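Trainee: I'd like to ask some things about the structure below.
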4 protein chains.
Amino acid sequence: MTTFTTLRVSLLCAAIAAGAAAAQDAAPDWAESRWGADDEIGAANLMTPERVKQAAGLVTDGKVYSLGMVVGSDTPAFPPRSLSVTVFQPNQAENDGLGSNKFTYNDDIFMGWLGIGPQIDGLGHAGVDHMYYGGRTYDQFAQASGLTELGLDKLPGLVGRGVMLDMASHYGVDMVEEGAAYTAEDIQAAAEAQGVELREGDIVLFNSNWMNLLDGDSPDPGRFGAAEPGLGVSGAEYLAEVGVMAVGADTWGMEVVPAEVEGEAFRAHQILQPENGIYILENMDTRELAADGVHEFLFVLGQARLKGAVQMIINPIAIR
Amino acid sequence: MTTFTTLRVSLLCAAIAAGAAAAQDAAPDWAESRWGADDEIGAANLMTPERVKQAAGLVTDGKVYSLGMVVGSDTPAFPPRSLSVTVFQPNQAENDGLGSNKFTYNDDIFMGWLGIGPQIDGLGHAGVDHMYYGGRTYDQFAQASGLTELGLDKLPGLVGRGVMLDMASHYGVDMVEEGAAYTAEDIQAAAEAQGVELREGDIVLFNSNWMNLLDGDSPDPGRFGAAEPGLGVSGAEYLAEVGVMAVGADTWGMEVVPAEVEGEAFRAHQILQPENGIYILENMDTRELAADGVHEFLFVLGQARLKGAVQMIINPIAIR
Amino acid sequence: MTTFTTLRVSLLCAAIAAGAAAAQDAAPDWAESRWGADDEIGAANLMTPERVKQAAGLVTDGKVYSLGMVVGSDTPAFPPRSLSVTVFQPNQAENDGLGSNKFTYNDDIFMGWLGIGPQIDGLGHAGVDHMYYGGRTYDQFAQASGLTELGLDKLPGLVGRGVMLDMASHYGVDMVEEGAAYTAEDIQAAAEAQGVELREGDIVLFNSNWMNLLDGDSPDPGRFGAAEPGLGVSGAEYLAEVGVMAVGADTWGMEVVPAEVEGEAFRAHQILQPENGIYILENMDTRELAADGVHEFLFVLGQARLKGAVQMIINPIAIR
Amino acid sequence: MTTFTTLRVSLLCAAIAAGAAAAQDAAPDWAESRWGADDEIGAANLMTPERVKQAAGLVTDGKVYSLGMVVGSDTPAFPPRSLSVTVFQPNQAENDGLGSNKFTYNDDIFMGWLGIGPQIDGLGHAGVDHMYYGGRTYDQFAQASGLTELGLDKLPGLVGRGVMLDMASHYGVDMVEEGAAYTAEDIQAAAEAQGVELREGDIVLFNSNWMNLLDGDSPDPGRFGAAEPGLGVSGAEYLAEVGVMAVGADTWGMEVVPAEVEGEAFRAHQILQPENGIYILENMDTRELAADGVHEFLFVLGQARLKGAVQMIINPIAIR
């Protein structure tokens, strides 16, 4: 559709120019990416053949773990996110299908938000005061019709060494409580106790057994969504220093809620995403890895490469 | 929502009973699955630890191939399928975001069909006269609110040995023409010439360079969608006999169009899916594998596990 | 999009031909519309200038009644229907809007089914064994991409003499109970007692106060959706004989549920729609008309003329 | 869904408080509505029984005009707005329908934006630097899950005296050109020449024959959407002074584009909506009224009362 476009673009120009000017004045240090001004994939640059090959070497048993929980219209979601799936049989109500071989088929429609259930936050998701990874201001890439930069179509996937840290085991509890913040010290202690070292390019997943609130013996989805244990500020800074590729957890928001500092909101998201180009994975079902005591594995995520998408429902595969 | 339900269920009973009765009379041989009457994952049962371990052993270089093409509202789709992505910033138009740390974020909504672009056909997709894998009749599982059986939520993912057969090379052309049917003989000859053996549990991908019609030097999306080269009937029967886990191709429909027999439609889909429980992968971008001459690799697909979904936009990862 | 189309059309031909042949064998008497074989608007043909002028003459007080209840994601709906509205501010998160005059705006997206809340059933909605108004079989007009005939885009609107029959008053109850069927005798008796005559071209609305279950003192949405009082079979036949233009009610389905004859479902829909071309209006809030004792009025419905749509959320206006 | 809510509300508080404080400092004169601080329907308050009764008196011939053009996925829309309709037959592919009477039915899903084609802009649509009718700031009512104030669910409908001014006739052209601004003088001159007086509470519609670009002999949808003739700033001020209830036109945006003052955007929207509480109607097909020379009529709009909706696709009815 070429209609309307010229008009709209010219009207936006003044606003964008003004916004960009304002932004440049205030550009923080992190606005400059270590992978260059044009980079759109951040820490995914760490996915080198050497690291991939080493990660593949972690496959010793051939056991496959499906980290994406099943997601449906009843999955707790950050408001006002919702979704629905509708199944139908286009043009097949009265007949036996297409052709002499009677080909019938079901199709489906999805209506809803992509940030529900097991999900990846692309680098266009989290920002600081409308500034995003690489110092991009909102006006520069976040069009209503889809991200023009940082969309998940740019990311080929994430393959590497997965590390699972069992925080329930670290704290000596069945399920970590809401508000428990994983600090740099916690992470280091857990890694040491669980015999695993964190390295540049890793995908680090935290297990808290928080998903027992959804499908355990005493489900409490209200509690599941009201708060959560998770990554703290010093923990996020530590993981950025190590140079991991992605951080995931078995909670809806990956980081601790309520925040450690009253009045702050999702500060770890900001440290990881805009400030360091690190991917975030939420609602990762790490419980079977924890039950098996698997702390190192080949991690493979191939998210759908939807043009301009911010988030995506995913199902990463762990293989050990 | 509990309203309406009792009413509707009772009204449906007669229809379902009648349908089931009719279906049982006519149950074809294939209605009985080799994996048992309750099986919902078909050939994914072949994903054994032993095979996964062997497939991981194929990783020699650590090179990652992203098989899912980028998909957007302009991707050619089987009518009337369409999709859109909309990006926005919930509740952030006038403010600096959430909390004292000014957390801002982009979110996105997807509206459309799941069978667009790179996609997996779950076992609930293709049928013969309204009968599906395991002899399930439409009334037994294809609810408008989502498949109650055979949904892609049931499939943990597909991991195994990937095999790429380069049919352009087999036919000695830059791009295979529409209407070219891959017969059993073609497949055997291509495999032998390309030094690769097909085995039970494999994921077999055919390369035709058909996607050059989308992004090549002379794009012709109309031709892309009007027909295609692909799997023929004897080829499908051969792959079912070998016992592969999935069959994919770099075309929108995987199998040859127009069909080999006039008046038939998507017969290979029927041989693979309802009759043998084999998964189908469409619009797989195999060109880089072909360019590199990679015929064996570790194949990892983790599709989003959306409850009751028939198809899903995917991005399988090949690693060699 | 011209791609795919030729293919699909040719494949459908056999199916359609077969279906049409089968249908013609069995064409019932009602398949021939009194308004001709090509007619797409049925009883809306009765909307003559003379009748409209007379209806306008019923406006004596200038009081406006909004018959469409407020509808939202929490409105009870026939499964699996659902809807959502999302509001956002395209491209305005970081700026002051468009132009030097700072034009900001909210926009909204609707995802869901059109048959929720106050709704009109177009003549493409209800059928008998896949045959619809004018003897059209499903294959002939009900494309997945929208109805090619009988869509609500064809209907200019409905304007005429509205008649409200207060069935709660007729039965001498505060709210009519589920299962109560309005027979021909009931309708004639209510009309006579309430001093109003039914005429050709009327829009007849039945008041039962059933909506008190949604917003009354003791709301019970479960009961609201589980059954309902409403039009019975003899009542539907009587209204068809009178030659009304539309029949509405303050219930989700207009007709009595459970049906008068065990095992039947929505038989009155069939009498009115396919067999007589009469429109159906559901979830009409007639309570204020009843409270005011208004039995005759100018009725004006201008439904959105969405191309190929079957149903539409509406808000008819009554003026007395 | 009660999960997540407490968290989110508390995080939003600081942002809202800050925003509100900033807004109050700068509250312009117009922020105070003449209908009181709590008013949500603006000029619809002018819909008095007396005016409605007088408007009904304008019906002399009983001719019905359907002002809403047919709208579909091919209707030009302000980017990135789009829509689709999908028709299907829930749970009916293999059977004869519900019950012994074989009840079959079509249903439909709508995915898309409500601001397409013939539409009403509710009072929550247009603002000045994120401030809306009654001085409401964005944070106070424009939730992503739907407007909490000013939604179209609050508006019962619009009934009154419709006035059509034929601007093509006024300028003596077949179709008014883009960029032509209707000034106060134009409006007064056109009204006088066409023998009609503008009064408080009127719904004023401007005819330019601009829709000939969509369905005329030489359709040019690109030109249709690239610009338009329409209401100018002095014209908007004049109509606000007269105190009309709504202003409509046969163009996609009602007001002149490009704007009279370079760099301004949709200034007339601001004068009418936030500053005066007047409704805007777009893509109104006024051509038949113009062809018939009908300048006064009964106008009836019953828009669907969707909870929290900003805009709505409509089909107002004119009766003369």
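Trainee: Which one of these does A:SER10 not meet: (1) of a type outside the set (A, V, I, L, M, F, W, C); (2) assigned to a loop (DSSP other than H, G, I, E, B); (3) modelled with pLDDT under 95?
Mentor: Result: A:SER10 fails condition (2) only.
Trainee: Quick one: C:ARG51 ticks every box in (1) basic (Lys, Arg); (2) out of contact with any strand residue (DSSP E or B) (no Cβ under 7 Å at 6 or more places or on another chain); (3) at pLDDT 95 or above except a single one, so which number is it?
Mentor: That leaves (2) as the condition not met.
Trainee: Looking at C:ASN91 and the list (1) touching a Leu at 6+ places or on another chain (Cβ under 8 Å); (2) on the phi > 0 side of the Ramachandran plot; (3) surrounded by fewer than 24 Cβ atoms within 10 Å (Cβ to Cβ), which single condition is not satisfied?
Mentor: Just one mismatch for C:ASN91, condition (3).
Trainee: What strands (runs of 3 or more DSSP E), lying completely within the range D:115-166, carry at least 2 residues that are in contact (Cβ under 8 Å) with a residue 60 or more places away in the chain, crowded, with 24+ Cβ neighbours inside 10 Å and small (Gly, Ala, Ser)?
Mentor: In the range D:115-166, D:126-128, D:158-166 are the strands (runs of 3 or more DSSP E) which contain 2 or more residues that are in contact (Cβ under 8 Å) with a residue 60 or more places away in the chain, crowded, with 24+ Cβ neighbours inside 10 Å and small (Gly, Ala, Ser).
Trainee: For B:SER100, are the conditions met, namely being within 7 Å of chain A (Cβ to nearest Cβ) and of a type in the set (Gly, Ala, Ser)?
Mentor: Criteria met by B:SER100.
Trainee: Still on this model: Please determine whether any residue of the range A:295-316 is of a type in the set (Lys, Arg), within 14 Å of chain D (Cβ to nearest Cβ) and either out of contact with any helix residue (DSSP H, G or I) (no Cβ under 9 Å at 6 or more places or on another chain) or under 25 Å from A:GLU200 (Cα atoms) (or both). So that I can check it myself, show each step before the final result.
Mentor: Of all residues in the range A:295-316, those of a type in the set (Lys, Arg) come to A:305, A:307.
Subsequent filtering for residues that are within 14 Å of chain D (Cβ to nearest Cβ) retains A:307.
If we keep only those that are either out of contact with any helix residue (DSSP H, G or I) (no Cβ under 9 Å at 6 or more places or on another chain) or under 25 Å from A:GLU200 (Cα atoms) (or both) too, we end up with A:307.
There is at least one residue in the range A:295-316 that is of a type in the set (Lys, Arg), within 14 Å of chain D (Cβ to nearest Cβ) and either out of contact with any helix residue (DSSP H, G or I) (no Cβ under 9 Å at 6 or more places or on another chain) or under 25 Å from A:GLU200 (Cα atoms) (or both).
Trainee: Same structure, new question: Test B:PHE110 against the criterion of being within 26 Å of A:ALA144 (Cβ to Cβ) and more than 21 Å from the chain's Cα centre (by Cα), and give yes or no.
Mentor: Criteria not met by B:PHE110.
Trainee: Looking at (1) polar (S, T, N, Q); (2) more than 8 Å from chain C (Cβ to nearest Cβ); (3) under 26 Å from B:ASP108 (Cα atoms), which is the only condition D:SER73 fails?
Mentor: (2)
Trainee: Return yes when D:ALA18 is in contact with a strand residue (DSSP E or B) (Cβ under 8 Å, 6 or more places away or on another chain), outside any loop (DSSP other than H, G, I, E, B) and either at pLDDT below 95 or within 30 Å of D:GLY201 (Cα to Cα) (or both) and no when it is not.
Mentor: no
Trainee: Restricting attention to the range A:95-109, does a residue exist that is touching a strand residue (DSSP E or B) at 6+ places or on another chain (Cβ under 7 Å), more than 28 Å from B:ASN95 (Cα to Cα) and among the small types (Gly, Ala, Ser)?
Mentor: Yes, the range A:95-109 has at least one match.
Trainee: Please work out if D:THR86 is at pLDDT 95 or above and in contact with a helix residue (DSSP H, G or I) (Cβ under 8 Å, 6 or more places away or on another chain).
Mentor: no
Trainee: Identify all residues within the range B:170-219 that are assigned to a helix (DSSP H, G or I) and under 23 Å from the mean Cα position of the chain (by Cα); write none if there are none.
Mentor: Result: B:ALA184, B:ASP186, B:ILE187, B:GLN188, B:ALA190, B:ALA191, B:ASN212, B:LEU213, B:LEU214, B:ASP215.
Trainee: What's the number of the only condition in (1) facing chain A (nearest Cβ under 10 Å); (2) at negative phi that B:GLU282 fails to meet?
Mentor: (1)
Trainee: Could you list all residues from the range D:126-183 that are of a type outside the set (Val, Ile, Thr), more than 14 Å from every other protein chain (Cβ to nearest Cβ) and within 29 Å of C:LEU301 (Cβ to Cβ)?
Mentor: D:MET164, D:LEU165, D:ASP166
Listed here are the residues, each with its yes/no results for (1) in a helix (DSSP H, G or I); (2) buried (at least 23 other Cβ atoms within 10 Å of the Cβ); (3) modelled with pLDDT of 95 or more; (4) over 13 Å from the mean Cα position of the chain (by Cα).
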position	(1), (2), (3), (4)
D:TRP252	no, yes, yes, no
D:GLU260	no, no, yes, yes
D:ALA265	no, yes, yes, yes
D:GLN273	yes, yes, yes, no
D:ALA291	yes, no, yes, yes
D:PHE299	no, yes, yes, yes
D:GLN303	no, yes, yes, no
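Trainee: Here's another thing I want to ask about it. Kindly check whether there is at least one residue in the range A:276-283 that is touching a helix residue (DSSP H, G or I) at 6+ places or on another chain (Cβ under 6 Å), buried (at least 24 other Cβ atoms within 10 Å of the Cβ), free of Cβ contacts under 8 Å to residues at least 60 places away in the same chain and of a type in the set (A, V, I, L, M, F, W, C).
Mentor: No, the range A:276-283 has no match at all.
Trainee: Output yes when any residue across the range B:190-205 is in contact with a Pro (Cβ under 8 Å, 6 or more places away or on another chain), crowded, with 18+ Cβ neighbours inside 10 Å, small (Gly, Ala, Ser) and modelled with pLDDT of 95 or more, and no when none is.
Mentor: Within the range B:190-205, not a single residue is in contact with a Pro (Cβ under 8 Å, 6 or more places away or on another chain), crowded, with 18+ Cβ neighbours inside 10 Å, small (Gly, Ala, Ser) and modelled with pLDDT of 95 or more.
Trainee: Can you pull out every residue in the range D:205-263 that is charged (D, E, K, R), within 14 Å of chain A (Cβ to nearest Cβ) and without any contact (Cβ under 8 Å) to a residue 24 or more places away in the chain?
Mentor: The answer is D:ASP220, D:GLU262.
Trainee: Out of A:THR75, A:THR86, which single residue is touching a residue at least 24 places away in the same chain (Cβ under 8 Å), more than 21 Å from the chain's Cα centre (by Cα) and under 30 Å from A:ARG223 (Cα atoms)?
Mentor: Criteria check complete, one pass: A:THR86.
Trainee: Among (1) surrounded by fewer than 18 Cβ atoms within 10 Å (Cβ to Cβ); (2) modelled with pLDDT of 95 or more; (3) of a type in the set (Gly, Ala, Ser), which single condition is C:GLY232 missing?
Mentor: Failing condition for C:GLY232: (1).
The values are calculated or read from the model by the stated rules, or taken from the named source; none is laboratory data. Only a predicted model underlies this, so the values are computations on that prediction, with no experimental measurement involved. Every residue, glycine among them, receives a Cβ derived from its backbone with ideal geometry; neighbour counts consider all protein chains shown.
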